[in-house]
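Any read-out appearing in this document is the output of simple, stated calculations on the displayed coordinates, not a laboratory observation. Keep in mind that this is a model prediction, so the values were computed, not measured. In this analysis, Cβ positions are derived from the backbone assuming ideal geometry, glycine residues included, and neighbour counts consider all displayed protein chains.
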Amino acid sequence: IIAGEGTHLITYTYQDENSCTNTCTFDITVNDLPEVSCPESITTCVNNDPLTLSGGLPEGGTYSGTGVIDNVFDPFVAGSGTHVLTYEYVDINGCSESCTFEVTVNDQPELTWAASMELCIDAGPQQLTGGQPDGGTYSGLGVSEGIFDPQQSGSGTHQITYTYTDVSGCINSCSFEITVHD
C-alpha cells in the first residue's frame with residue numbers, strides 16, 4: 001500500500017564481520033487490484049427455482065454466501081430474509097477484489113382455503129368462495145372464472161386449487177375437494 005502500484009527497484013546491502021560490503025538490486029512489481037462491480041440487488045420468493053447468479057464484472061468471478069453453491073443461489077436453502085452475497089474476481093496476476101450485493105427472499109403468502117363441499121349434479125353453478133386472502137383464482141375440472149359447474153365436472157370427487165399471488169409476486173396454492181353426487 002505504501003509503495004503503490006508500479007515496478008519498484010529494491011536494493012539489498014550486506015556487510016560482513018570484516019566490514020566488507022556488497023549489494024544487489026531487484027524489482028518488485030505491485031499490481032493494482034482489479035475493479036469489480038456487483039449485480040443489482042435481487043428480490044425473489046422462497047419457493048422460486050434456484051437462480052444462476054450473473055452480472056458481476058469482470059465476468060469469471062465467483063459468488064458466495066448463504067444459499068450459494070457453484071454460483072447458483074437457492075432461495076429455499078437460504079430462507080426468507082435479506083442475504084448479503086459476495087462477488088469475488090481474481091485477475092491474471094492473482095490479485096483479487098470483491099463487492100457485495102443483497103438478495104431478498106420473500107415468504108410465500110399464507111393461505112386458507114375453502115371447506116370441502118358436497119353437491120348434487122343438478123345443483124347448478126356455484127360461486128367459489130373461502131380462499132383467503134381474497135383475489136386468488138380457482139382452477140380444476142368444472143371451474144371457470146371462479147364458478148364451479150357440477151354438470152360440467154360430472155359426478156365424483158374433484159380437487160379444486162386456489163392460487164394466490166401477493167404484491168411481491170410470490171405464489172402459493174392450496175386445494176380442497178368438491179364431491180358431486182348423481
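Brief remarks on what is shown
- Charge dipole of the range 31-137 (Cα centre as origin; +1 on each Lys and Arg Cβ, -1 on each Asp and Glu Cβ, all else neutral): 220 debye, rounded to the nearest 20.
- Here the peptides 119-125, 63-69 are ranked by packing, the mean other Cβ count within 10 Å, and the order with the highest first is 63-69, 119-125.
- Scanning the chain for cysteines with no neighbouring cysteine C-beta under 4.7 angstrom from their C-beta gives Cys20, Cys24, Cys95, Cys120, Cys174.
- Dipole orientation for the range 25-120: of the candidates Ser116, Val46, Gly79, Ser116 has the Cα lying most toward the positive pole (charges on Cβ; Lys, Arg +1; Asp, Glu -1).
- Looking at the chain alone, DSSP beta bridges between its own residues are antiparallel in about 85 percent of cases.
- Inter-probe distance in nm under a simple model that places probes 7 Å from Cα toward Cβ, at Gln132 and His8: 6.9
- Segment Ile28-Val90, extension gain: residue separation times 0.36 nm, minus the distance between their alpha carbons: 20.3 nm
- Taking a point 7 Å out from the Cα of Cys120 in the direction of its Cβ, the residues of the range 141-159 whose backbone N falls within less than 15 Å of it are 150-151, 155.
- From the coordinates shown, mean projected area of the Cα convex hull in nm² corresponds to which of [x] 10.4; [y] 11.4; [z] 16.8: [z]
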